[in-house]
Amino acid sequence: MFQSHKFLLTPAELRCLLLFHNEKYLTVKGIAQKLEVAKSRVTKIMEGLLNKKLVQSIDDPEDARVKLFSLTTSGLKKTSEIDNFIKEIHNELLMNLKPEDRKSVLHSLELLRSSMKVVKAKLF
């Protein structure tokens with residue numbers, strides 16, 4: 001993923017952190033499904049994020065075999081920095097377009113997003 005080194009993260013760690021946007025807790029299985037990688041790969045990614053103190057883990061109170069991961073205060077700060085960076089890049093890209101082209105691009109992106117939702121709903 002673009003500029004992961006800017007945040008002292010691997011591309012996989014950056015992608016993983018961004019999964020926590022609307023989630024308080026994630027499991028290895030859930031992360032593996034969202035990233036479309038093996039659970040063993042997620043374990044390695046989470047070790048890196050734990051070592052960087054960006055996530056923490058607790059035992060699932062309903063199943064001690066399952067670990068629940070959540071962002072630490074540092075992890076929340078890092079995801080906010082990443083979000084702001086992404087927004088800045090997107091804004092800069094759009095501002096380099098003429099206003100009429102910008103409107104057209106945004107409309108096309110919205111059409112694409114709607115179409116992707118329909119296809120995703122059919123597949124899953």
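The values are calculated or read from the model by the stated rules, or taken from the named source; none is laboratory data. All values derive from a computational prediction rather than experimental measurement. Positions of Cβ are generated from backbone atoms using ideal geometry, with glycine treated the same way; all protein chains shown enter the neighbour counts.
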Restricting segment 55-100 to residues that are of a type in the set (Lys, Arg) and closer than 18 Å to residue 43 by Cβ, which is farthest from the chain's Cα centre (by Cα)? 65
Criterion violated by residue 67 - all others in (1) modelled with pLDDT of 95 or more; (2) assigned to a strand (DSSP E or B) satisfied: (1)
Go through the residues of segment 58-80 one by one and say whether even a single one is surrounded by fewer than 17 Cβ atoms within 10 Å (Cβ to Cβ), closer than 29 Å to residue 109 by Cβ, hydrophobic (A, V, I, L, M, F, W, C) and in contact with a Lys or Arg (Cβ under 6 Å, 6 or more places away or on another chain). no
